[in-house]
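Since every read-out is calculated from the coordinates, none of them should be taken as a lab result. Just so we're clear, the structure is a prediction, and the values are computed from it rather than from any experiment. Ideal geometry is used to build each Cβ from the backbone, glycine not excepted, and the neighbour counts take in all protein chains shown.
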Amino acid sequence: MFRDVLPALAAVVVILCAVVAGLALGYRVAGIGVPVGALAVLALVAPAAVRRHRPLARRRLGFYTPEELAELDTQGLALAVSRMLRRDGWRVLPQRRSEARIRVRARNGGGQRLEVAFRPVAEPLPDEDAPSRSGRPGGPAPPLRLVVHRGAFTRRDVQWARRQGGVRLIDGPCLRRWAHGTPLNELDDSS
């Protein structure tokens with residue numbers, strides 16, 4: 001974890017040292033006007049920069065508006081769900097390269113596994129295998145499966161999810177509440 005952060009931390013330290021050295025040099029050459037001018041520019045630029053990057057920072061933390069969710073394609077929705085899962089304490093696993101369909105897999109601190117599928121209906125497609133529930137005795141429990149859909153599920157979809165067992169349907173209203181900040185474990189699913 002620290003190996004990933006170390007280069008960025010070193011860059012921040014170098015930049016801060018360069019700024020302080022520049023201010024000290026400016027103070028020696030031109031007097032108090034250079035640091036005061038730098039603070040004035042910072043006071044004007046900082047609020048504009050924060051306002052401009054606030055939506056990006058909010059999305060990186062896993063919070064989305066309904067309008068932002070509506071604009072996402074399947075890949076963008078998978079990224080949004082990954083960020084929301086991280087916000088809720090899940091560790092998102094990398095996608096397998098062999099998978100043709102976009103899926104998000106995650107694991108929480110208690111060892112529970114989660115698999116998220118994105119499709120317009122909850123029914124398995126003809127080329128998709130039905131989930132296998134047979135596991136080795138004493139092996140890990142089958143993963144909880146989420147099916148995320150921005151619209152509404154049909155009654156047939158809800159019945160399919162109930163028959164499968166271990167499948168939660170996340171429809172549009174539920175997805176919007178989750179994106180607004182409600183933790184996944186507090187959401188009522190569509191089934």
In this structure, is residue 93 of a type in the set (A, V, I, L, M) and in contact (Cβ under 8 Å) with a residue 24 or more places away in the chain? no
Residues in region 81-107 that are small (Gly, Ala, Ser) and touching a Leu at 6+ places or on another chain (Cβ under 6 Å) total 1
Exactly one of 83, 105 is out of contact with any Pro (no Cβ under 8 Å at 6 or more places or on another chain) and basic (Lys, Arg), and that one is 83
Subset of region 159-191, residues β-branched (Val, Ile, Thr) and farther than 20 Å from residue 103 by Cα, comes to 182
Taking region 50-73 and keeping residues surrounded by 10 or more Cβ atoms within 10 Å (Cβ to Cβ) and hydrophobic (A, V, I, L, M, F, W, C) leaves 50, 57, 61, 63, 69, 70, 72
Restricting attention to region 71-88, the residues that are over 11 Å from residue 150 (Cβ atoms), of a type in the set (D, E, K, R) and assigned to a helix (DSSP H, G or I) number exactly 3
